[in-house]
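The structure appears right after this line, and notes come after that.
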Amino acid sequence: TDGTVTGVSIISMSETSGLGANASKESFRSQYVGKSGELAVSKDGGEIEALTGATVTSRAVTDGVNAALDFVREVQGT
């Protein structure tokens, strides 16, 4: 309710094993916990470390987290 990420779950994916599929690992997803505001991967000047060889996937997950944060702000009217 305060606009801070408490966790990230990936429900479905069809990424390359060993590359983009690593986005489902806790070590990647845990980077988002405790963060708020507009998030970005490090290659774009943000704090989220992109997966090696899977920057597009890392950006897509980050975009999804940003969309969720935007939704919360919209629903709360902030």
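The values are calculated or read from the model by the stated rules, or taken from the named source; none is laboratory data. Nothing here was measured: the structure is a model prediction, and the numbers come from that model. Cβ placement follows ideal geometry from the backbone for every residue including glycine, while neighbour counts extend to all protein chains displayed. Heavy atoms of the whole protein, side chains included, go into the accessibility calculation; ligands, DNA and RNA do not. Shrake-Rupley method; radii C 1.70, N 1.55, O 1.52, S 1.80 Å.
Here is how the numbers come out for the structure above:
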quantity	calculated
Solvent-accessible surface (1.4 angstrom probe) belonging to residue 70, in square angstrom, nearest 10	70
MRE, 222 nm, helices only [DSSP H, n ≥ 4, -39500 (n - 2.57), over the chain, to nearest 500]	-10500 deg cm²/dmol
Against the rule of thumb 2.2 N^0.38 Å, how large the Cα Rg of the chain comes out	1.08
Solvent-accessible heavy-atom area per residue, rounded to whole Å², over the chain at 1.4 Å	63
Solvent-accessible area, 1.4 Å probe, carbon plus sulfur percent, for the chain	50
Label-point gap, in nm, between residue 4 and residue 42 - each point 7 angstrom along Cα→Cβ	2.3
Size of electric dipole in segment 26-78: Cβ of Lys, Arg +1 and of Asp, Glu -1, about Cα centre, debye, nearest 20	60
Sites excluded, GluC sites (Glu not before Pro) in DSSP loops with at most 13 other C-beta within 10 Å, longest stretch of the chain	1-37
Residue among 34, 20, 64 with the largest mean-square fluctuation in a Gaussian network model of the chain, springs linking Cα atoms under 10 Å	34
